[in-house]
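Below is one structure, written out as structure tokens, with a few remarks after it.
The values are calculated or read from the model by the stated rules, or taken from the named source; none is laboratory data. Quantities reported herein were computed from a predicted structural model and do not represent experimental measurements. Cβ placement follows ideal geometry from the backbone for every residue including glycine, while neighbour counts extend to all protein chains displayed.
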Amino acid sequence: MYKPSSLITFGGHVSYPKMIGMNPNKNTNGVFMNDWSQFPKLYSLFKDSETESEFNYFSVILQRRVLSTSLAQESYLQLEDELSVLSEAAWIQFRQKILPYISKKDPLRHYEQLFNHFNEVKGYVFLSSLGYKRIEFIEEHNSFRTPDLIAKDLNNTALMEVKTINNSNKGLVRIRERAAGNVLGFVPDPLFRKIEKTVRNASEQLLSYSNDGTPINRRIIYLCLKPDVDVLLDNRNIDTLRNFCQNVSDENIEVVSDISFF
């Protein structure tokens, strides 16, 4: 049986000490994204997107001066560092996939799809931290479902599907309205059921995919969890979610849980 992993993150980003990290030479004080020198990858995405669109994500955060807080600055610098881990070929693949989502804004969930795709980079970085040398994004097909990533090293091949479970609609509305809420001392059952369903669907994708007959040694679900704040404010709930994700792993599928606050 695979030994599952669990990561607890803040701001939605993971720190891999051997792979990436905050560059100590970078000054995060007073950094705004109109100083693109510290964000070459993000700037590349911005300049090749629909920059004139009123819904362009980067234009929106510039107008609202989102990076006026140190937490936001560190979060985007961490995202930039994660993108820098991609190989040249993987970067080209990822750009093609994510560019259409930079100007797609959902009325309720805003840019959730965009960041769901950014989470695929977190999966790439995780595979790289395991020592895989050749990691690629798998091209999507209309006729059948494909995993997100394939990684190879010598005679070993791994497949990865990255899934994201975001805040509930009720939780999002409460955040937008700045409404007060109670800390839950338990994990709501619907969240458990959603995790089970998500893992089941991802497992089907991983087990049904054939890479030209090449034996697959490892199948990983990288599960990004962003539960409602009232759930995460009780640390016992984080432990409960971590243990639950470990228990849904089996001899064929490894579940890596990444639990974030934002």
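Data for the structure
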item	result
Residue identified as modelled with pLDDT under 95, in contact with a Lys or Arg (Cβ under 9 Å, 6 or more places away or on another chain) and within 27 Å of residue 252 (Cα to Cα) among 203, 208	208
Index of the failed condition, residue 211 passing every other in (1) assigned to a loop (DSSP other than H, G, I, E, B); (2) within 17 Å of residue 126 (Cβ to Cβ)	(2)
Selection from the stretch 136-173 of residues that are part of a strand (DSSP E or B) and of a type in the set (A, V, I, L, M)	149, 150, 151, 158, 159, 160, 162, 165
Residue, nearest to residue 196 (Cα to Cα), within the stretch 224-238, restricted to residues that are part of a helix (DSSP H, G or I) and over 20 Å from the mean Cα position of the chain (by Cα)	237
Residue check, residue 98 out of contact with any helix residue (DSSP H, G or I) (no Cβ under 9 Å at 6 or more places or on another chain), free of Cβ contacts under 8 Å to residues at least 60 places away in the same chain and in a helix (DSSP H, G or I)	no
Filter pass, residue 244 being among the aromatic types (Phe, Trp, Tyr), loosely packed, with under 13 Cβ neighbours inside 10 Å and in contact with a helix residue (DSSP H, G or I) (Cβ under 8 Å, 6 or more places away or on another chain)	no
Any hit, the stretch 226-249, residues being in contact (Cβ under 8 Å) with a residue 24 or more places away in the chain, in contact with a His (Cβ under 9 Å, 6 or more places away or on another chain) and under 25 Å from residue 158 (Cβ atoms)	no
Filter result for residue 61 (at pLDDT below 90 and under 26 Å from residue 129 (Cα atoms))	no
Within the stretch 141-154, considering residues that are in contact (Cβ under 8 Å) with a residue 12 or more places away in the chain and not β-branched (Val, Ile, Thr), the one farthest from residue 89 (Cα to Cα)	144
Selection status of residue 169, surrounded by fewer than 16 Cβ atoms within 10 Å (Cβ to Cβ), farther than 21 Å from residue 253 by Cα, in contact (Cβ under 8 Å) with a residue 60 or more places away in the chain and not charged (D, E, K, R)	yes
Leading residue by the ranking (surrounded by the fewest Cβ atoms within 10 Å (Cβ to Cβ)) among those in the stretch 181-237 that are more than 25 Å from residue 261 (Cβ to Cβ) and in contact with a helix residue (DSSP H, G or I) (Cβ under 9 Å, 6 or more places away or on another chain)	216
Unique match (being closer than 25 Å to residue 209 by Cβ and touching a Cys at 6+ places or on another chain (Cβ under 9 Å)) among 131, 123	123
